[in-house]
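Report on one structure; see the data block that follows.
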Amino acid sequence: MKSPLLSLPGAVPAEGVDEGVAAHYGDLFREQRALADGTGFVDLSHRGVVTVSGEDRLGWLHLLLTQHVSELPAGQATEALILSAHGHIEHALYLVDDGETVWAHVEPGTQEALIAYLESMKFFYRVEVADRTADFAVVHLPAGSIADVPEGVVVRETAHGRDLFLPRADLEQYAAQAGPPAGILAHEALRVEQHRPRLGFETDHRTIPHELGWIGTAVHLQKGCYRGQETVARVQNLGKPPRRLVFLHLDGSDVHLPAPGTDLRLADDGQDGRRIGFVTTSVRHYELGPVALALVKRNVPVDARLLAGDTAAAQETVVEP
């Protein structure tokens, strides 16, 4: 879906997965500073919106998700994953229950596959699953924002800010009074700074939750009975994940950022060294300069200097080896 906010002054369309909303509105660093200061908003109306209603909704979702949601209080935000039978991450859901319906936003374009899976698991449970993407737009207000929220709008509040499930028809009117807009690139820069993984960016077809630090935030270790739980328990109790998420400080003298997928090598081995990981997301941060998230092999020394392509990189530990 193409957001009507792309008609705002200075809007430059995003590309790739985030196509449909603005990458920025003419001043990337100003937009980042505004979000960091708790002002403005981010148009995330390209994200999928899925609802689950019915009296069995929480107990049913509890059987399918990695998170403990059977007794989720109304208004309390959480996040959860759906795994394959082998424990690989397939979906990431950002949830809140309003007392009657569970609302979730998901990565753009993933809602159809998610709904297909959920529908296949309904059996005799009294639940209704719906794709509400056409009717509701996700709008993000940063932490500290004092922007008003229209009455009746479902809100998902976390330490990083508030996600509003806003009627799509009200998006332009709300934007006019919500403060300065910030593009998805500003939102991504703060996400990388906060070391928060994103499905399809920090994940590939074989990613397990332990590699990204999703244990605890999206995976509850004291619950079972979900697909992939055996892998989660085995790695948690008996082993270590094969890879780990790291935060990279990149050489600021390079004009270009290393693209997602760029190979990582040990700096001491040079560009002909063996591949020990890859860049997942790279951004320009208003204070930190060029930074990135990356996946590296678990046994890479935490103090090793790295090369991202031909760009020097120093790592910070996100997931312990």
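Brief remarks follow.
- Rounded to the nearest 0.05, the FRET efficiency derived from the C-beta distance between ALA176 and ASP310 at R0 = 51 Å is 0.65.
- The fraction of Cα-Cα pairs per 10 angstrom bin, counted from 0 for the range 10-156, comes to 10, 36, 33, 17, 4, 0 percent, rounded to whole percents.
- For the chain, the percent of C-alpha pairs falling in each 10 Å distance bin, counted from 0 to the bin holding the largest distance, reads 6, 25, 32, 25, 10, 1, 0.
- Within straight-line reach of LYS223, meaning a Cα separation under 22 Å, sit the following lysines at least 8 residues removed in sequence or on another chain: LYS122, LYS240.
- The chain - percent relative contact order, Cα under 8 Å, separation 6 or more: 19
- For the peptides 254-261, 274-281, 178-185, residues were scored by their other Cβ atoms within 10 Å and the scores averaged per peptide; the highest-first order is 178-185, 274-281, 254-261.
- Long-range HN-HN contacts of LEU95 with modeled amide H, under 5 Å: THR78, GLU79, ALA80
- For GluC sites (Glu not before Pro), the sites in the range 1-34 that DSSP calls loop and that have at most 10 other Cβ atoms within 10 Å are GLU15.
- Comparing HIS205, HIS24, HIS46 in a Gaussian network model of the chain (Cα springs below 10 Å), the most mobile by mean-square fluctuation is HIS205.
- For the chain, modelled as a GNM whose springs connect Cα atoms under 10 angstrom apart, the maximal fluctuation among ASP163, ASP272, ASP37 occurs at ASP272.
- The dipole here belongs to the chain: it is taken about the Cα centre, uses +1 on the Cβ of Lys and Arg and -1 on the Cβ of Asp and Glu, and is about 900 debye.
- Dmax and Rg, reported as Rg then Dmax, of the range 110-243 (C-alpha, Å): 18.3, 54
- Translational diffusion coefficient (Stokes-Einstein; Kirkwood radius from C-alpha pairs) of the range 49-134 at 10 °C, 1.306 mPa s, in µm²/s: 124
- Amide N of the range 182-206 lying under 14 Å from the label point, which is placed 7 angstrom from the Cα of ARG298 along Cα→Cβ: none
- For the range 199-321, radius of gyration divided by Kirkwood radius, i.e. Rg to Rh on alpha-carbons: 1.01
- Fluctuation leader among LEU44, LEU248, LEU221 - the chain, Gaussian network, Cα springs under 10 angstrom: LEU221
- The 3J(HN,Hα) values that the Karplus relation (6.51, -1.76, 1.60; θ = phi - 60°) gives for the range 215-223 are, in residue order, 5, x, 7, 10, 10, 9, 7, 9, 10 Hz. Gly and Pro appear as x.
- Loop-located trypsin sites (Lys or Arg not before Pro) in the range 75-137 (DSSP state not H, G, I, E or B) with no more than 15 neighbouring Cβ atoms inside 10 Å: LYS122, ARG126.
- Sites matching GluC sites (Glu not before Pro) across the range 146-196 that sit in DSSP coil, with at most 11 neighbouring C-beta atoms within 10 Å: GLU151
Each reported figure results from applying straightforward, stated rules to the coordinates on display, with no laboratory input. This one's a predicted model, so the numbers in the text were calculated from it and none came from an experiment. Virtual Cβ from ideal backbone geometry, glycine too; neighbours counted across all protein chains shown.
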